[in-house]
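First comes the structure, then the notes that go with it.
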Amino acid sequence: MKILYLETSSKNCSVAVSDNETLLCLCEEVSENYKQSESLHTYVEWALEGAGISLKEIEAVSLGKGPGSYTGLRIGAASAKGFCYGLKVPLVAVNSLESMIEPFLGNNYDFIVPLIDARRMEVYTAVYDGQTGSELTATEAKILDERSFEEFKDKKVIFVGDGAKKAREILQLPDADFKEDVFPSAQYLIKKTLEKIRSGEVEDMAYFEPFYLKDFHGVKKKP
């Protein structure tokens with residue numbers, strides 16, 4: 001089964017193509033300027049070309065549904081729906097935090113905690129088992145303070161994501177590991193996507209909305 005993956009929830013504009021579990025091509029770039037609107041469809045073209053297949057061969061589209069950048073999620077969702085409608089294929093949506101933990105599973109961590117930088121001292125986060133990847137706490141918007149995650153003081157834990165920088169500065173966890181240069185990536189949507197397809201967990205495109213987690217807060221223009 002040939003699947004197209006889109007992940008646009010962060011500074012990483014990421015597109016991948018797989019044939020079942022096999023990653024055929026990955027095109028992605030981390031940019032401070034959030035290049036999804038100008039780069040996404042170009043990356044789709046490049047990924048398909050690199051995979052050696054045409055768009056009409058795609059049998060499903062998978063989307064990193066958030067949480068993350070409001071604008072990035074809207075762009076990704078609109079594009080995913082467009083491809084699904086045009087190709088008449090199903091849409092699968094995966095929590096973007098789950099793609100962040102994939103590279104660290106089985107590395108002797110008790111817990112993996114992805115942290116997506118939100119506003120001020122806030123992060124989007126959840127807690128996952130370091131071996132199985134199972135979700136232990138639900139995704140939430142969390143304000144960090146000195147007592148956050150103190151239950152992991154005597155555990156082997158790694159915090160990953162661009163929110164790990166401010167977490168390192170404020171959390172009282174000297175033995176924890178922190179890795180800041182981690183962003184949701186389309187290549188790590190493959191496993192969860194195939195699980196969802198096999199169990200029939202596809203989205204109703206008429207009602208699907210990204211996982212914004214919070215309402216959008218725009219900047220008010222001065223009169």
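Could you list, bin by bin from short to long, the percent of Cα-Cα pairs of the stretch 1-58 in 10 Å steps?
Per 10 Å bin, starting at 0, the Cα pair percentages come out as 27, 52, 20, 1.
Per residue, how many Å² of accessible area does the chain show with a 1.4 Å probe? Walk me through the numbers on the way to the answer.
Values: 11340 Å² over 223 residues.
Per-residue value: 51 Å².
Rounded to a whole number, what % of the accessible area of the chain do carbon and sulfur atoms account for, probe 1.4 Å? Present the calculation step by step, with values, prior to reporting the outcome.
Values: 5290 of 11340 Å².
Reported share for carbon and sulfur atoms: 47 percent.
Could you tell me which trypsin sites (Lys or Arg not before Pro) in the stretch 90-158 are loop residues by DSSP with no more than 15 other beta carbons within 10 angstrom of their beta carbon?
Details: sites: 119, 120, 142, 147, 153, 155, 156; in loops: 119, 120, 147, 153, 155, 156.
For trypsin sites (Lys or Arg not before Pro) across the stretch 90-158 that sit outside H, G, I, E and B with at most 15 neighbouring Cβ atoms in 10 Å, the list reads 119, 120, 147, 153, 155, 156.
Which lysines, on any chain, are close to residue 166 with Cα under 23 Å apart, when same-chain ones fewer than 8 places away are left out?
Correct list for residue 166: 11, 142, 153, 155, 156, 179, 214.
Quickly rank 164-175, 203-214, 87-98 as a protection proxy: mean count of other C-beta atoms within 10 Å, highest first.
Numbers: 164-175: 15.8, 203-214: 14.1, 87-98: 21.3.
So the order, starting with the most tightly packed, is 87-98, 164-175, 203-214.
Any chance you could list the semi-axes, whole Å, largest first, of the equivalent ellipsoid that the Cα gyration tensor gives for the chain, using √(5λ)? Walk me through the numbers on the way to the answer.
Working: eigenvalues 177, 85, 45 Å².
Taking √(5λ) for each eigenvalue gives 30, 21, 15 Å, largest first.
Once both labels are modelled 7 Å past Cα along the beta-carbon direction, what's the residue 134-residue 22 spacing in nm?
Taking the two extended label points, one gets 3.3 nm.
Using the crude model of +1 on Lys and Arg Cβ and -1 on Asp and Glu Cβ, and no other charge, please compute the dipole size for the chain relative to its Cα centre, in debye to 20.
Working: 27 positive and 36 negative charges, 155 e Å.
It comes to approximately 740 debye.
How long is the gain from residue 38 to residue 141 if the chain were fully straight, where each residue apart is worth 0.36 nm and the alpha carbon distance is subtracted? Intermediate results must be reported in sequence, preceding the final value.
Working: separation 103, 0.36 × 103 = 37.08 nm, distance 2.85 nm.
Answer, rounded to one decimal: 34.2 nm.
Net charge around residue 40, counting only other residues with Cβ within less than 11 Å of its Cβ (Lys, Arg = +1; Asp, Glu = -1)? Walk me through the intermediate numbers first.
Details: positive: 35; negative: 7, 28, 29, 38, 45.
Every neighbour counted, the sum reads -4.
Compute, for residue 154, the solvent-accessible surface of its heavy atoms (probe 1.4 Å) with the complete set of protein chains present, and express it in square angstrom to the nearest 10.
150 Å²
The values are calculated or read from the model by the stated rules, or taken from the named source; none is laboratory data. All figures in this text were calculated on a predicted structure; none of them were measured in a lab. With ideal geometry, Cβ positions are generated from the backbone for all residues, glycine too; neighbour counts draw on all protein chains shown. The area values use the complete protein model at the heavy-atom level, side chains included, leaving out ligands, DNA and RNA. Shrake-Rupley method; radii C 1.70, N 1.55, O 1.52, S 1.80 Å.
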